[in-house]
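Visitor: Have a look at this one before I ask anything.
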Amino acid sequence: MSQAAVGLRSGCPISHNAASSTSPSISISTSNTPPPPANVASSSKASSESHPTNPFAASSGIASPATSCTTTPSTSSSIMYPVTPQLQSPLLRAPSEIIQKVLSASGGDQVGNIAKAAKVCRELRSIIYGDTDQTLWRDVFLEHYDDPRLAGSSPAGSSGIRIDWKKRVQDRELVGRVFSNDYEGSVDQLDKHSELIISTLFSMYSDLPPTNSSFDPSKSDDSLNSALLSKWLSSRLFKHIYESQYFLPASPRKPTTPLTRSGRSIKRDKRDTVDPIISRLHCLAPPLYNDDSSADREWRGHVRHSVYDVGNYQEKNDYGPFTEDGKVDWTLVDAISSTMMCNAQELLDTEPDGWLPVVQPLSYGIEPARGWGYNDLRRPDNLAEDDVWDWAGVEGSWCGCYAFMDYSDWAMMNREQLGIPVGRPHSIDLSTYHEALGDLMQLELKICTDPHADGKRSTRCDNHEFEQDRHPLPSVETDLPRSDLLPPLYFHGSSTPYPGGDHHAPTLPQNAIRGMVSLTADDPPQVRWTMMIRYRGQDRWRLECVQVGGRGSKRGFFGIWSDASRAEHSPNGPAWYWKA
């Protein structure tokens with residue numbers, strides 16, 4: 001905090017303590033104070049005999065909290081004594097609104113110095129902590145962080161919610177100090193503050209301002225929170241926080257289940273339940289993964305197991321990363337996104353030219369995970385009445401890929417749940433296993449009308465019907481609860497290897513796509529994608545996905561593919577598609 005700046009802006013000579021350059025202090029004097037006498041030593045001695053020593057003033061230049069912000073003639077303009085007669089500081093003669101603006105604007109990056117100013121005297125302490133409207137703390141907050149009243153995360157908005165600005169500043173400043181310290185020094189503070197850190201990070205993400213259809217992550221500079229979150233969520237410290245929530249504490253005495261043919265045991269066990277907030281935060285930035293690290297390989301083995309475990313995807317959750325009540329299972333989405341982003345990062349190292357489209361969704365911190373939000377859900381005025389509003393940004397080109405295990409390995413991993421008899425079962429080391437990746441695909445999608453709505457046959461989308469008799473194809477609807485905040489969107493399109501061939505050629509039945517985008521039952525709702533891939537005239541694969549960042553996000557949607565017919569012992573695997 002620049003005290004000199006405070007003095008210049010207010011006319012009150014508040015200056016640094018000359019004895020310390022690293023810990024600025026505040027002292028208040030008045031222009032009515034006479035100059036010191038020539039004999040400074042004798043004058044100081046006389047002063048010390050007349051007045052008891054004030055340790056706050058003498059040692060630090062900061063007055064005791066019990067003093068008043070007034071001054072008396074003295075031999076030094078940097079020392080203040082609570083004696084009478086007193087002359088009030090010019091700063092404190094200003095209106096409280098001006099004082100608050102001075103304190104807020106002069107804080108700079110050292111918000112904690114405002115708390116130091118409160119120790120100067122009762123008057124400043126009352127202004128800083130006694131204002132029930134928290135005007136000062138609101139101004140300080142908005143100097144450093146995004147305005148939560150303008151956030152796009154909630155349809156209801158935050159305009160009518162009373163915000164404790166002071167607590168928010170204090171919480172975020174504490175978290176900022178933790179992340180600004182060196183890694184070893186910060187780890188010691190995590191046990192004490194881990195819950196506060198996680199909740200504060202999520203609050204900062206929820207406060208992000210909405211984007212729009214022309215948003216470019218590489219040029220964005222409209223969010224204060226985004227820059228901080230991009231740095232913090234990509235740090236070693238956040239990785240430590242995430243893993244401490246993901247794994248049980250290691251115990252050398254506790255026997256563990258061998259997962260490898262060699263009999264090597266997992267060192268850490270995954271928790272039965274993982275905090276969905278930490279899982280969701282982990283989806284916002286590409287994971288920090290080093291294949292040379294045994295701990296990282298161990299974590300990757302656990303997320304692979306979650307992705308390919310057939311027990312996680314059943315009829316009760318529509319064979320996707322959802323709960324039975326229609327909400328997002330963020331632990332599964334985290335596992336899917338981590339698996340696919342790690343695969344993509346490895347492919348960029350080996351095949352950079354063929355995987356250039358994946359650079360943008362993997363870059364620019366958390367910017368690609370920002371969406372359009374829900375604070376403006378008005379239908380565009382220039383949209384014709386009969387036209388469908390593409391509120392999710394479905395139309396256009398998308399790129400993506402899917403991954404899969406060798407079927408024999410997948411069946412062996414799921415043998416108990418599938419009831420498959422085997423002669424000599426063996427375990428698979430998923431920490432070193434490398435699943436196969438399909439080709440990078442390009443989707444061309446187009447919005448269409450509801451294929452099951454009542455109306456003339458001529459107005460229905462024939463891409464959702466059989467070619468011969470125009471009977472509707474199997475529905476992509478869901479029985480899980482969902483939000484009615486926005487109506488479901490139906491789409492159709494084609495899928496070709498990237499880069500696609502002749503875009504003007506007719507869509508072939510063997511790579512036809514149809515699907516639906518809807519909102520989940522979460523509060524606020526999340527964007528769910530259901531997509532059917534029709535191959536050689538038959539529905540072959542069904543994808544159930546979640547768009548990380550909400551509608552319009554550039555990170556895209558992650559999910560699970562499985563057999564469209566739900567045939568017995570049919571496999572499943574992860575998929576990821578993003579807007580090109």
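Visitor: So how many Å³ per residue does the convex hull of the Cα atoms of the range 150-237 work out to?
Guide: 109
Visitor: Leaving out ligands, DNA and RNA but keeping every protein chain, what accessible area does Phe215 have, in Å² rounded to the nearest 10, with a 1.4 Å probe?
Guide: Its accessible surface works out to 30 Å², give or take rounding.
Visitor: Still on this structure, I have one more. How do 328-338, 383-393, 230-240, 279-289 rank on mean C-beta neighbours within 10 Å, highest first?
Guide: Numbers: 328-338: 25.7, 383-393: 14.2, 230-240: 18.6, 279-289: 21.4.
So the peptides 328-338, 383-393, 230-240, 279-289, ranked by packing, come out 328-338, 279-289, 230-240, 383-393.
Visitor: Going by average Cβ density within 10 Å per residue, which order do the peptides 314-323, 191-200 take, highest to lowest?
Guide: 314-323, 191-200
Visitor: Please list the non-local residues whose amide H lies under 5 Å from the amide H of Cys448, H modeled 1.01 Å from N, same-chain partners needing a gap of 5 or more.
Guide: Hits under the 5 Å cutoff: Tyr490, Phe491, His492.
Visitor: Sticking with this one: Whose amide H sits under 5 Å from the amide H of Leu440, counting only residues 5 or more places off or on another chain, with H placed in the peptide plane?
Guide: Tyr498
Visitor: Could I ask something else about it? What list of ³J(HN,Hα) values in whole Hz, one per residue of the range 393-409 in order, does the Karplus curve 6.51 cos²θ - 1.76 cosθ + 1.60 (θ = phi - 60°) give from phi, with Gly and Pro shown as x?
Guide: Working through the residues one at a time gives x, 6, 5, x, 9, 10, 10, x, 7, 9, 10, 7, 8, 4, 4, 5, 5 Hz.
Visitor: Which distance in Å, rounded to a whole number, links the C-alpha centroids of the range 194-214 and the range 129-150?
Guide: Each part's Cα centre sits 17 Å from the other's.
Visitor: How high is the FRET efficiency from Asp484 to Glu315, r the C-beta distance, R0 30 Å, rounded to 0.05?
Guide: E between Asp484 and Glu315, to the nearest 0.05, is 0.80.
Visitor: Next question. Once amide H atoms are built 1.01 Å from N in the peptide plane, which residues 5 or more positions from Thr211, or in another chain, come under 5 Å H to H?
Guide: Residues meeting the amide H criterion: Gly371, Trp372, Gly373.
Visitor: OK, next. If you roll a 1.4 angstrom probe over the protein chains with everything in place, what fraction of the accessible area of the range 286-579 belongs to carbon and sulfur, to the nearest %?
Guide: 47
Visitor: Let me ask something additional. Place the peptides 345-356, 554-565 in order of packing, highest mean first, counting for every residue the other Cβ atoms within 10 Å and averaging per peptide.
Guide: Per-residue mean Cβ counts within 10 Å order the peptides as 554-565, 345-356.
Visitor: With an 8 Å cut-off on Cα pairs and a minimum separation of 6 or more residues, tell me the relative contact order of the range 286-579 in percent.
Guide: Result for the range 286-579 is 23 percent.
Visitor: Determine the sum of side-chain charges near Arg125: Lys and Arg each +1, Asp and Glu each -1, restricted to other residues whose C-beta is under 12 angstrom from that of Arg125.
Guide: Once positives and negatives cancel, what remains is +1.
Visitor: Could you tell me which of rounded, prolate or oblate describes the range 286-579, using a ≥ b ≥ c as the square roots of the eigenvalues of the alpha-carbon gyration tensor, with rounded for a/c under 1.5 and, failing that, prolate when a/b is larger than b/c and oblate otherwise?
Guide: Judged from the Cα gyration tensor, the range 286-579 comes out prolate (a/c at least 1.5, a/b above b/c).
Visitor: Using θ = phi - 60° and the Karplus curve 6.51 cos²θ - 1.76 cosθ + 1.60, what whole-Hz ³J(HN,Hα) does each residue of the range 94-102 get, with Gly and Pro shown as x?
Guide: Using θ = phi - 60°, the values come out as 6, x, 4, 5, 5, 4, 4, 5, 4 Hz.
Visitor: Oh, and also: Residue by residue, what Karplus-based ³J(HN,Hα) values in Hz, rounded to whole numbers, does the range 370-376 have, using 6.51, -1.76 and 1.60 with θ = phi - 60° and x for Gly and Pro?
Guide: Those phi angles translate into 9, x, 6, x, 10, 7, 9 Hz.
Visitor: Using Cα-Cα distances under 8 Å and only pairs 6 or more residues apart, what relative contact order does the range 289-429 have, in percent?
Guide: Values: 70 pairs, mean separation 26.0, N = 141.
Answer for the range 289-429 is 18 percent.
The values are calculated or read from the model by the stated rules, or taken from the named source; none is laboratory data. This structure is a prediction, so every number in the text was calculated from the model and none was measured. A quick note on method: Cβ atoms are made from the backbone with ideal geometry, for glycine too, and the neighbour counts reach across all protein chains shown. In case anyone asks, the SASA skips ligands and DNA or RNA and just uses the protein heavy atoms, side chains included. Shrake-Rupley method; radii C 1.70, N 1.55, O 1.52, S 1.80 Å.
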